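**Student:** For reference, the structure I am asking about is given below.
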Amino acid sequence: MVLSTSNGASPTVYLETYGCQMNIADSELVSGVLRAAGYSNAESPENADVILLNTCAIRDHAEERVLGRLSVLAQLKSRRPEVRLGLLGCMAQHNRARLIEQAPYLDLVAGPDTYRRLPELIRSARFDPAVDLRLDRNETYAGLPSQREGGVRAYVTAMRGCDKFCAFCVVPYVRGRERSVPAAALIREIGELAEHGVKEVVLLGQTVNAYRDGDVDFGKLLRKVAAIDGLERIRFTSPHPSDMSDSVIEAMATEPKVQPYLHLPVQSGSDRVLAAMARGYTTGEYLDLVARLRGAIPGLALSTDIIVGFHGEEEADFEATLELMTEIAYDSAFTFKYSLRQNTGAYKLGDTVSEAEKSRRLSAVIALQEAISLERNRATIGAEYPVLVEGPARRGQGMLAGKAPQFKTAVFPARSGVVPGQTVRVRIESATAHSLTGVQV
Ligand code: 5AD
Ligand code: SF4
């Protein structure tokens with residue numbers, strides 16, 4: 001039985017997603033679960049029977065955006081009280097009590113391990129909100145069909161949760177303990193995607209290279225995925241530096257389908273700050289790892305995550321971060337101001353860096369990275385890359401866009417007959433800090 005609508009048609013759901021790739025993949029799973037329960041997708045919240053927000057709790061800013069959106073949707077609900085309004089994901093898990101108090105119009109609050117029960121939860125949401133925030137250390141959603149966007153690339157969750165407990169991070173508290181999707185289920189799912197024309201798969205996990213199913217570690221998993229016919233490219237995100245084992249490096253170096261790109265979050269260039277963050281490595285160990293990776297994988301592109309203004313970060317620590325970024329010369333970086341998160345190890349320590357100072361440090365890391373990215377991208381001018389075509393470029397009529405192996409966007413004039421999913425050779429002629437432009441050869 002599904003939720004019935006006043007005119008007897010199948011009920012519709014509008015789902016909005018915030019946050020990381022894992023959340024986008026979770027939303028595809030939620031859509032799959034709800035479709036199996038008889039729901040169809042609504043194009044906008046105005047005409048939906050159920051409105052769901054899949055939320056992120058990683059920084060305060062992410063939560064503020066969702067709270068703002070919720071107050072707009074509350075007005076819609078006051079006009080159409082029969083609408084069911086629900087909050088899913090990390091913020092639901094993080095803010096349970098406060099949310100129910102601050103947003104009394106919510107019909108549903110559901111954490112990231114409850115999506116199998118979602119149809120039931122929506123049905124039971126009546127006068128009191130239906131709340132399910134149980135974390136389940138065994139839930140991997142293995143075998144549940146996702147409703148994907150389609151396209152040449154698919155994101156597939158390989159492991160969920162995190163056991164690392166970095167001092168700044170709320171993820172282990174909201175997503176629970178580390179658990180891996182059984183390899184057999186993953187191989188089946190990716191095999192089906194390849195049969196349906198998917199060319200590239202991105203394996204996802206908060207610490208994806210900590211993957212383990214019996215004797216299948218992440219390196220072995222990469223090899224198994226590489227054996228799938230029809231699949232052309234394999235990527236993964238995000239690995240943790242401490243789990244970057246020889247097995248994984250060897251698989252990257254020897255399996256041609258595994259692409260030469262790695263997002264390797266460093267967070268800080270100061271050993272003192274890294275220790276306070278409980279990251280589990282020193283800058284020396286991280287630099288050794290980068291040297292081993294670059295030695296084993298020719299043409300490897302690297303990106304990273306940087307946090308500025310963590311508790312106790314002094315000017316000298318910050319400068320050490322700038323130095324490390326310069327020394328490594330990342331192809332790109334995601335940069336963040338430290339945001340104090342309740343429950344985390346560092347929460348009680350509070351903030352020691354003012355908001356203005358965090359902004360100054362953030363501007364400096366962004367400016368440095370822009371210059372390095374531009375230099376790295378300009379160095380590709382004249383080179384030829386196999387580009388997996390994704391579709392029309394966002395800007396520039398008659399242009400196609402796709403990704404080079406290094407995950408850099410390449411834009412080039414469309415030749416007739418070239419379609420998404422095809423790999424073409426592109427010679428790079430110009431570059432900005434964010435993309436490459438070239439011609440098909
Ligand atoms: N404040 C700022 N950035 C954070 N991240 C995680 N937690 C916080 C926080 N409390 C960043 C880290 C991580 C990325 C996904 O988000 O850099 O790698
Ligand atoms: Fe958060 Fe650290 Fe786990 Fe990454 S490894 S999800 S930063 S606790």
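**Student:** Check ARG84, ARG123 and return the single one that is in contact (Cβ under 8 Å) with a residue 40 or more places away in the chain, more than 30 Å from THR237 (Cα to Cα) and surrounded by fewer than 19 Cβ atoms within 10 Å (Cβ to Cβ).
**Tutor:** ARG123
**Student:** Mind telling me which of the residues ALA184, ALA158, ALA154 ends up being modelled with pLDDT of 95 or more and closer than 23 Å to SER242 by Cα? Spell out how you get there, then give the answer.
**Tutor:** Numbers: ALA184 fails: closer than 23 Å to SER242 by Cα; ALA154 fails: closer than 23 Å to SER242 by Cα.
Exactly one residue qualifies, and that residue is ALA158.
**Student:** For residues that are surrounded by fewer than 22 Cβ atoms within 10 Å (Cβ to Cβ) and either of a type in the set (A, V, I, L, M, F, W, C) or touching a Phe, Trp or Tyr at 6+ places or on another chain (Cβ under 9 Å) (or both), scanning just the stretch 221-234, find the one that is nearest to PRO256 (Cα to Cα).
**Tutor:** Ranking the candidates gives ALA226 first.
**Student:** Restricting the search to the stretch 313-340, which residues are buried (at least 16 other Cβ atoms within 10 Å of the Cβ), assigned to a loop (DSSP other than H, G, I, E, B) and without any contact (Cβ under 8 Å) to a residue 60 or more places away in the chain? Walk me through how you get there before you give the answer.
**Tutor:** Filtering the stretch 313-340 down to residues buried (at least 16 other Cβ atoms within 10 Å of the Cβ) leaves 313, 317-318, 320-322, 324-325, 328, 330-333, 335-340.
From the residues that got through so far, the ones that are assigned to a loop (DSSP other than H, G, I, E, B) too are 313, 330-331, 338-340.
Within the stretch 313-340, GLU313, TYR330 meet the criteria.
**Student:** Follow-up. Filter the stretch 236-277 down to the residues that are among the acidic types (Asp, Glu) and under 26 Å from ALA167 (Cα atoms) and list them by number.
**Tutor:** The answer is ASP243, ASP271.
**Student:** Tell me, which residue of the stretch 160-178 that is touching a strand residue (DSSP E or B) at 6+ places or on another chain (Cβ under 8 Å) and more than 21 Å from ALA142 (Cα to Cα) is nearest to ligand 1 (Cβ to nearest atom)?
**Tutor:** Of everything passing the filter in the stretch 160-178, PHE168 is nearest to ligand 1 (Cβ to nearest atom).
**Student:** Do you know which residues across the stretch 197-245 are touching a helix residue (DSSP H, G or I) at 6+ places or on another chain (Cβ under 8 Å) and of a type in the set (Asp, Glu)?
**Tutor:** Across the stretch 197-245, the qualifying residues are ASP213, ASP217, ASP229, ASP243.
**Student:** Residues that are within 19 Å of the chain's Cα centre (by Cα) and either closer than 25 Å to GLN267 by Cα or of a type in the set (Val, Ile, Thr) (or both): which helices (runs of 4 or more DSSP H) entirely in the stretch 163-254 hold 2 or more of them?
**Tutor:** Counting at least 2 such residues, we get 171-175.
**Student:** Scan VAL266, VAL258, VAL273 and give me the residue that is within 21 Å of PHE407 (Cα to Cα), within 15 Å of ligand 2 (Cβ to nearest atom), in contact (Cβ under 8 Å) with a residue 12 or more places away in the chain and buried (at least 22 other Cβ atoms within 10 Å of the Cβ).
**Tutor:** Numbers: VAL258 fails: within 15 Å of ligand 2 (Cβ to nearest atom); VAL273 fails: within 21 Å of PHE407 (Cα to Cα).
Being within 21 Å of PHE407 (Cα to Cα), within 15 Å of ligand 2 (Cβ to nearest atom), in contact (Cβ under 8 Å) with a residue 12 or more places away in the chain and buried (at least 22 other Cβ atoms within 10 Å of the Cβ) holds for just one of VAL266, VAL258, VAL273, which is VAL266.
**Student:** While we're looking at this one, here's another question. Mind listing just one residue for me: the one in the stretch 276-312 that is over 21 Å from PRO405 (Cβ atoms) and small (Gly, Ala, Ser) and, of those, farthest from ligand 2 (Cβ to nearest atom)?
**Tutor:** GLY284
**Student:** For the stretch 71-81, indicate whether the set of residues that are more than 16 Å from ligand 2 (Cβ to nearest atom) and under 28 Å from ARG160 (Cα atoms) is non-empty.
**Tutor:** No, every residue in the stretch 71-81 fails to be more than 16 Å from ligand 2 (Cβ to nearest atom) and under 28 Å from ARG160 (Cα atoms).
The values are calculated or read from the model by the stated rules, or taken from the named source; none is laboratory data. Predicted, not measured: the structure shown is a model, and the values here were computed from it. So basically every Cβ, Gly included, is an ideal-geometry build from the backbone, and we count neighbours across all protein chains shown.
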